[in-house]
Amino acid sequence: MRRLILCSDDFAFSRGVSDTIAGLAREGKLNAIGCMTAMPGWAEDSVLLRGLPPHVEIGLHLTLTEERPITAMPGHAPQGIMPTIDTVTRRAGQGALPLAEIACEVTAQFDAFIGAMGRPPAFVDGHQHSHVLPGIRRIVLAETARRAPDAWLRDCTDRLSAMLARPFRGKAIGSAYHSRGFRRDAARLGLATNDSFAGHYDFARDYAAILPLFLRRPGHRHLVMCHPGAGERAGDTIAAARPREAAGLRATDIRDMAAREGLAFPA
């Protein structure tokens with residue numbers, strides 16, 4: 001049967017975000033959690049992941065934009081903060097990223113995950129989808145193949161007909177454009193990916209109303225990203241959306257919603 005993977009990004013972004021995500025997983029509202037291991041609260045927050053239902057996959061949400069790195073990155077983060085996704089995307093396209101620095105940072109974030117969890121991540125993706133960009137892609141795929149060969153990776157592509165059937169198709173098509181060829185590149189290293197992807201919206205809508213629309217025309221391994229949370233942290237541009245997403249997830253019977261589209265959840 002086709003499967004819904006409902007994945008919360010940004011665990012460890014703040015304690016309020018981490019508490020909310022762990023609570024939703026315990027309530028059966030999520031079955032995947034992506035962890036930002038570069039964040040200063042990661043080691044402490046990782047304790048919240050202990051004892052979650054076994055079907056909840058815990059993965060690595062590689063962070064290469066807008067946060068402080070673990071390692072020294074004088075080329076990528078000269079002021080101690082990594083650049084915006086727009087800057088990283090532009091530099092990647094120009095072949096101007098300091099890839100040696102990025103490779104060291106990716107290794108350090110893998111180390112931080114394995115150090116806290118005692119095992120490799122179940123999946124790997126990137127904050128703001130930076131993991132699919134030129135140069136970074138090669139590093140992430142190689143490190144995953146070496147450190148977590150049984151993990152799957154987030155592919156942001158989908159069939160055009162599926163993306164057109166869902167809201168915010170422009171955002172979806174943009175992410176798919178940057179991800180083109182990612183599934184093929186992963187397969188060359190024996191790595192798996194999801195085969196359809198959704199979750200783009202403007203972070204302003206009624207989340208309970210928009211959530212079912214993300215399940216239209218799913219693939220066999222349909223991945224939907226979300227960003228629930230609570231509280232505020234300086235610089236969080238989606239702070240207002242996080243509690244709305246949490247409330248929308250709590251108000252939704254996820255299993256029934258998935259079943260209406262022929263998807264199994266939480267398995």
Using only Cα atoms, locate the centre of segment 175-220 and the centre of segment 19-59, then give the distance between them in Å, rounded to an integer. 21 Å
So if I place +1 on the C-beta of Lys and Arg and -1 on the C-beta of Asp and Glu, and nothing else carries charge, what would the dipole magnitude of segment 26-67 be about its Cα centre? I want it in debye, nearest 20. 240 debye
With +1 on each Lys and Arg Cβ and -1 on each Asp and Glu Cβ, and nothing else charged, work out how big the dipole of segment 1-125 is about its Cα centre, in Debye to the nearest 20. 320 debye
Checked segment 49-105 with the C-alpha gyration tensor, a ≥ b ≥ c its square-rooted eigenvalues, rounded below a/c of 1.5, otherwise prolate if a/b is larger than b/c and oblate if not; verdict prolate
Do the sum for the chain: with -39,500 (n - 2.57) for every DSSP H run of n ≥ 4, divided by all residues, what is the mean residue ellipticity at 222 nm, to the nearest 500 deg cm²/dmol? -11000 deg cm²/dmol
Counting only other residues whose beta carbon sits under 15 Å from that of ARG205, what net charge do I get with K and R as +1, D and E as -1? +2
Could you point to the residue in CYS7, THR87, GLY41 farthest towards the positive end of segment 1-102's charge dipole, with +1 and -1 charges on the Cβ of Lys/Arg and Asp/Glu respectively? CYS7
Any idea how far apart TYR177 and ALA165 come out in nm if each label point goes 7 Å out from Cα toward Cβ? 2.4 nm
Could you work out the relative contact order of the chain? I mean the mean sequence separation of Cα pairs under 8 Å and 6+ apart, divided by the number of residues, in percent. 23 percent
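Computed from the coordinates by the stated procedures, all read-outs in this text should not be read as laboratory data. This is a predicted model, so every value here is computed, not measured. Note that each Cβ is placed from the backbone with ideal geometry, even for glycine, and that neighbours are counted across all protein chains shown.
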